[in-house]
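The values are calculated or read from the model by the stated rules, or taken from the named source; none is laboratory data. Since we're looking at a predicted model, the values are computed, not measured. Ideal geometry is used to build each Cβ from the backbone, glycine not excepted, and the neighbour counts take in all protein chains shown.
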Amino acid sequence: MTSEPADSGIVIVGGGLAGAKAAEAAREKGYGGPVTLVGAESHLPYERPPLSKGYLMGKSEFAEAQVHDREWYAAHNVDLRLETRVESLNLGARTVRLNDGSDLPYGRLLLATGSTPRTLPLPGADADGVLTLRTVENSDAIRATFGPDRRLVIVGAGWIGLEVAAAAREAGTQVTIIEAAAAPLLAVLGETIAAVFTALHRAHGVDLRVGAQLAEITTEGGRATGVRLADGETIAADAVVVGIGAAPDVRLAAEAGLDVDNGVLVDASLRTSDPNVWAVGDIANQAHPLLGRRVRVEHWANALNQPAAAVAAMLGHQFAEYDALPYFYSDQYDLGMEYIGLADPKDRVLVRGDLDSREFVAFWLDDEERIRAAMNVNVWDVVDVLKPIIREQIRVDLDRLVDLEVGLNTLG
């Protein structure tokens, strides 16, 4: 038997993938009390990766991104409240104040409020035609700018910026990327692997400007017409997509008095500084039991998998910790990749395969030559082989590691 929360039940704040998976986990783990899921959007909870991948390219339908259909919530007695905003939390009274002025009581509270795109503190940043990507409506608006003879400027060469660029180019759009760093993804992957993405996008016709500083978004009649760089050059565009990262949405947590520092601080079981409140997904700055340090990553895998661990902890399950390695994936043109683990981009990198043909596995090694992270590019079915090597900090023979004649499954 598990100990269940108070009769006022579980309230989940955030109507995305993490919120839906938390409701699912509560029922799968046998909790029979009230479950309420509060989401600000009008849509059923959905996954966000397709917004910059298949859905943005018109290759998949929005319904495919939805976690469950409407009937699932009814069948599992989940009180789904869409188009509903949480204005504040009262931790002492264990209530959530909704935007209609009502108070919703909870026995246990799960925060899954996600993140919000960062904006540019520059002239013209609020003009029409300056777009960010977070919601399905954002994705629709960006896709509407694609097409032959259309010009798109993307500010930022992170994962979102690069995926939008790939989708835009495949639709025939003229694309310019403005990136302040010396290469795309430099702060994530380091110089060697970042160079792969530089070559990839330039090979597909992207005008990639690295080491570039943006001075303003130019406008006419309140609408973006392009950008002006710090050196005075102006680049014309029909729209500007800003992809300079996202900030964890911690307003509710901070105003309620929960401990916040680069996200909501949570322990290994994803519990916050309040014993009745948990946090998952983009906002969770977790004391990671495997990595031995605090980790906050804005990846789909956390939103998918953390809720089950948090709900298990809510229900009093023993050893309910979240110790999965960070994981993410990306698809750009003919390049598909997966990344497992968490490395410092300055770590030593070894490559198994060929960078130029974009078919390889890269390994990031710590000072003791143990693998901290790995990224497979157009090489498949290796993540499950690499995961235990990274988790268990197994020392491997580095010559064998990069030898294509040696099977990865023989290294552990």
### Query
Of the residues R348, R391, which single one is of a type outside the set (A, V, I, L, M), more than 30 Å from L56 (Cα to Cα) and out of contact with any Leu (no Cβ under 6 Å at 6 or more places or on another chain)?
R391
### Task
Determine if region 340-347 includes at least one residue that is within 21 Å of the chain's Cα centre (by Cα), at pLDDT 95 or above, buried (at least 21 other Cβ atoms within 10 Å of the Cβ) and farther than 29 Å from T113 by Cα.
no
### Task
Kindly check whether there is at least one residue in region 314-322 that is farther than 30 Å from A125 by Cα and not in a loop (DSSP other than H, G, I, E, B).
yes
### Query
Among R108, R94, R118, R143, which is the only one that is crowded, with 17+ Cβ neighbours inside 10 Å, among the basic types (K, R) and under 28 Å from K53 (Cβ atoms)?
R143
### Query
Is at least one residue of region 388-395 without any contact (Cβ under 8 Å) to a residue 24 or more places away in the chain, assigned to a loop (DSSP other than H, G, I, E, B) and among the polar types (S, T, N, Q)?
yes
### I244 being in contact with a Pro (Cβ under 9 Å, 6 or more places away or on another chain), in a loop (DSSP other than H, G, I, E, B) and either of a type outside the set (G, A, S) or touching a residue at least 12 places away in the same chain (Cβ under 8 Å) (or both)
yes
### Task
Among residues belonging to region 298-339 that are within 15 Å of the chain's Cα centre (by Cα) and polar (S, T, N, Q), point out the one that is surrounded by the fewest Cβ atoms within 10 Å (Cβ to Cβ).
N305
### T132 vs. criteria of a type outside the set (D, E, K, R) and touching a residue at least 24 places away in the same chain (Cβ under 8 Å)
yes
